[in-house]
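Structure first, commentary second.
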Amino acid sequence: MFDWLIVGAGFAGSVLAERLARERGDRVLVIDKRDHIGGNAFDHHDAAGVLIHRYGPHIFHTNSEAVFAHLSRFTEWRPYEHRVLAEVRSPVTGATLQVPMPINLDTINTLYNLNLTETELEGWFASRAEQVAEVRTSEDVVVGKVGRELHELFFQGYTRKQWALDPSALDKSVTSRVPTRTNRDDRYFTDQFQAMPKHGYTAMFERMLDHPGITIRTGMDFAEARQRFSFRRVIWTGPVDEYFGFRHGKLPYRSLRFRHETLDQDQVLPTGTVNHPAEDTPYTRVSEYKHMTGQAHPKTSITYEFPSAEGDPYYPIPRPENQALYKRYEALADAEADTWFVGRLATYRYYNMDQVVAQALATFRRIEAELPRHPVP
Ligand code: FAD
Ligand code: UDP
């Protein structure tokens with residue numbers, strides 16, 4: 001008899017498993033239908049011995065000192081600031097160039113053969129920006145700041161590929177993830193804490209789950225666990241619509257197909273990721289792990305991301321009607337006794353890793369407030 005069945009061994013499930021076992025002395029069974037722990041952050045050494053991320057590049061960044069401190073119990077860190085170039089055609093020369101993304105001073109000066117200063121660039125953006133009465137969509141965000149040409153060059157094709165939707169049909173929160181800068185800062189993120197787990201994500205998850213109160217079964221889904229084990233309560237981190245048998249219809253998720261390649265050379269890309277916004281290139285970005293991990297190896301491994309409708313659910317799709325459908329599932333979830341819904345899929349939110357950790361820690365505090373503790377042995 002377990003106190004908890006935790007469905008999903010990603011950040012949501014693993015953070016909660018550790019808290020419940022260590023702080024409360026609860027007996028916890030963690031299952032995952034995949035054959036490994038770590039969820040989408042899972043990393044492993046490929047056939048050549050290069051550390052890669054099976055589900056695409058995962059770069060840790062947060063402004064939350066509490067989240068960083070919590071994860072620091074289970075890993076040392078390697079400082080890493082992610083940089084991205086976007087491959088686009090210069091509207092002036094027609095040449096294909098790789099320029100910093102997010103768009104910054106160097107992006108514009110390189111692309112347009114200019115020599116603007118920061119202040120001049122502000123005016124340049126303002127002269128191109130379109131008036132947007134109310135910023136609602138992912139198109140509004142960009143054309144309202146930098147105008148239509150840059151929107152089409154950097155955002156429209158990429159977004160249509162990634163989401164199979166025009167930016168005008170997507171909530172503003174999607175392209176708002178990527179800022180526009182007038183300075184020369186070429187980091188993808190500006191968070192206070194930016195680092196990679198020194199020995200990888202999977203090693204961090206192994207330490208997190210290494211507790212006598214935690215039993216792990218990978219390669220097992222919820223249906224099987226329900227038959228084989230008894231448990232008092234459930235933490236569900238899979239898709240919320242799946243839990244309820246798609247009662248109100250399917251929540252839309254966007255998927256990706258990953259093409260992993262190993263090359264017989266030390267390094268191939270100038271930065272950790274190169275984005276390919278052009279609509280006629282079928283992938284959105286290519287990433288090279290050694291930039292992120294700092295691994296010394298004579299070979300290098302890269303991953304191409306091909307957006308897809310079919311496959312594992314990776315991205316909740318932020319649109320008003322999807323949010324409305326999610327609200328109906330959320331009402332069911334709120335009414336479900338002895339079951340907690342946590343994580344990117346269970347709460348249908350386009351969350352980064354740190355946000356999922358924060359959500360899991362907040363859920364633990366709720367559990368503490370609601371349920372009396374066992375005596376810790
Ligand atoms: P998941 O990691 O998805 O874990 C849920 C687990 O539940 C899965 O392993 C699944 O197999 C299991 N499961 C589902 N249903 C069942 C079932 N019925 N039975 C048993 N098991 C089940 N975040 C960042 O902060 N930085 C990044 O750079 C970044 N890059 C990303 C790149 C890509 C391509 C993607 C898709 C996401 C990226 N993210 C990034 C987001 C990050 O992956 C998530 O925030 C985080 O992994 C979510 O953790 P989770 O535990 O909620 O879900
Ligand atoms: N985006 C874009 N061009 C880019 C980078 C991002 O149009 O070069 C848009 C696209 O819609 C993408 C969103 O901004 O889905 C968020 O980008 P982010 O890099 O945060 O995506 P994630 O890493 O979550 O896949």
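The values are calculated or read from the model by the stated rules, or taken from the named source; none is laboratory data. Values in this document were obtained by computation on a predicted structure and should not be read as measured data. Cβ sites come from the backbone with ideal geometry, for glycine too, and all protein chains shown count toward neighbours. Heavy atoms of the whole protein, side chains included, go into the accessibility calculation; ligands, DNA and RNA do not. Shrake-Rupley method; radii C 1.70, N 1.55, O 1.52, S 1.80 Å.
Restricting to region 160-181, give me the number of residues that are more than 25 Å from THR62 (Cβ to Cβ), open to solvent by less than 30 Å² (accessible area, probe 1.4 Å) and free of Cβ contacts under 8 Å to residues at least 40 places away in the same chain.
Residues flagged as more than 25 Å from THR62 (Cβ to Cβ), open to solvent by less than 30 Å² (accessible area, probe 1.4 Å) and free of Cβ contacts under 8 Å to residues at least 40 places away in the same chain within region 160-181 amount to 1.
Here is a list of conditions, (1) in contact with a Lys or Arg (Cβ under 8 Å, 6 or more places away or on another chain); (2) open to solvent by 10 Å² or more (accessible area, probe 1.4 Å), and VAL50 meets all of them except one; can you say which number that is?
(2)
Inspect all residues belonging to region 193-209 and state whether any of them is within 14 Å of ligand 1 (Cβ to nearest atom) and either free of Cβ contacts under 8 Å to residues at least 60 places away in the same chain or out of contact with any strand residue (DSSP E or B) (no Cβ under 7 Å at 6 or more places or on another chain) (or both).
yes
Spot the failing condition for ASN275; the list is (1) assigned by TED's automatic domain parsing to the domain that holds HIS44; (2) surrounded by 16 or more Cβ atoms within 10 Å (Cβ to Cβ), and only one is missed.
(1)
Can you name the residue in region 286-306 that is within 24 Å of VAL88 (Cα to Cα) and open to solvent by 30 Å² or more (accessible area, probe 1.4 Å) and, of all such residues, is farthest from ligand 2 (Cβ to nearest atom)?
HIS291
Can you spot a residue in region 161-181 that is closer than 17 Å to TYR283 by Cα and either in contact with a Phe, Trp or Tyr (Cβ under 7 Å, 6 or more places away or on another chain) or near ligand 2 (Cβ under 8 Å from one of its atoms) (or both)?
Keep residues of region 161-181 that are closer than 17 Å to TYR283 by Cα, which gives 161-166.
Filter once more, keeping what is either in contact with a Phe, Trp or Tyr (Cβ under 7 Å, 6 or more places away or on another chain) or near ligand 2 (Cβ under 8 Å from one of its atoms) (or both): 162-163.
Taking every residue of region 161-181 in turn, at least one turns out to be closer than 17 Å to TYR283 by Cα and either in contact with a Phe, Trp or Tyr (Cβ under 7 Å, 6 or more places away or on another chain) or near ligand 2 (Cβ under 8 Å from one of its atoms) (or both).
What are the residues in region 182-221 that are over 22 Å from the mean Cα position of the chain (by Cα), farther than 19 Å from LYS33 by Cβ and buried (at least 19 other Cβ atoms within 10 Å of the Cβ), if any?
THR182, GLY213, listed by residue number.
So TYR348 clears everything in (1) over 14 Å from GLY10 (Cα atoms); (2) open to solvent by 20 Å² or more (accessible area, probe 1.4 Å); (3) in a loop (DSSP other than H, G, I, E, B) except one condition, right? Which one?
(2)
Restricting to region 60-81, what's the tally of residues that are surrounded by 20 or more Cβ atoms within 10 Å (Cβ to Cβ) and either away from ligand 1 (no atom under 11 Å from the Cβ) or not in a strand (DSSP E or B) (or both)? Don't jump to the end; show me each part of the working.
Within region 60-81, the first condition is being surrounded by 20 or more Cβ atoms within 10 Å (Cβ to Cβ), and the residues that meet it are 60-62, 67-68, 71, 75.
In the following step, the residues that additionally are either away from ligand 1 (no atom under 11 Å from the Cβ) or not in a strand (DSSP E or B) (or both) were identified as 60, 67-68, 71, 75.
Matching residues across region 60-81 total 5.
Just the residues that are open to solvent by less than 50 Å² (accessible area, probe 1.4 Å), more than 16 Å from ligand 2 (Cβ to nearest atom) and either under 18 Å from the mean Cα position of the chain (by Cα) or not aromatic (Phe, Trp, Tyr) (or both), please, taken from region 234-272.
Step one: list which residues in region 234-272 are open to solvent by less than 50 Å² (accessible area, probe 1.4 Å), which gives 234-241, 243-244, 249, 251-256, 258, 263, 269, 271-272.
Adding the requirement that they be more than 16 Å from ligand 2 (Cβ to nearest atom) leaves 234-241, 243-244, 249, 251, 263.
Those that are open to solvent by less than 50 Å² (accessible area, probe 1.4 Å), more than 16 Å from ligand 2 (Cβ to nearest atom) and either under 18 Å from the mean Cα position of the chain (by Cα) or not aromatic (Phe, Trp, Tyr) (or both): VAL234, ILE235, THR237, GLY238, PRO239, VAL240, ASP241, GLY249, LEU251, LEU263.
Quick grid of which residues meet (1) open to solvent by less than 60 Å² (accessible area, probe 1.4 Å); (2) away from ligand 1 (no atom under 11 Å from the Cβ); (3) more than 14 Å from ASP241 (Cβ to Cβ):
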| position | (1), (2), (3) |
| --- | --- |
| PRO316 | yes, no, no |
| TYR326 | yes, yes, no |
| TYR329 | yes, yes, no |
| ALA360 | yes, no, yes |
| LEU371 | yes, yes, yes |
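Return the only residue of GLY13, GLY39, GLY8 being under 23 Å from GLU224 (Cβ atoms), buried (at least 22 other Cβ atoms within 10 Å of the Cβ) and within 16 Å of ligand 2 (Cβ to nearest atom). Give the derivation first.
Numbers: GLY13 fails: within 16 Å of ligand 2 (Cβ to nearest atom); GLY8 fails: within 16 Å of ligand 2 (Cβ to nearest atom).
When all the criteria are applied, what remains is GLY39.
What do you reckon, is TYR283 within 30 Å of ARG247 (Cα to Cα) and within 13 Å of ligand 2 (Cβ to nearest atom)?
On the way: within 30 Å of ARG247 (Cα to Cα): no; within 13 Å of ligand 2 (Cβ to nearest atom): yes.
No: the conditions fail for TYR283.
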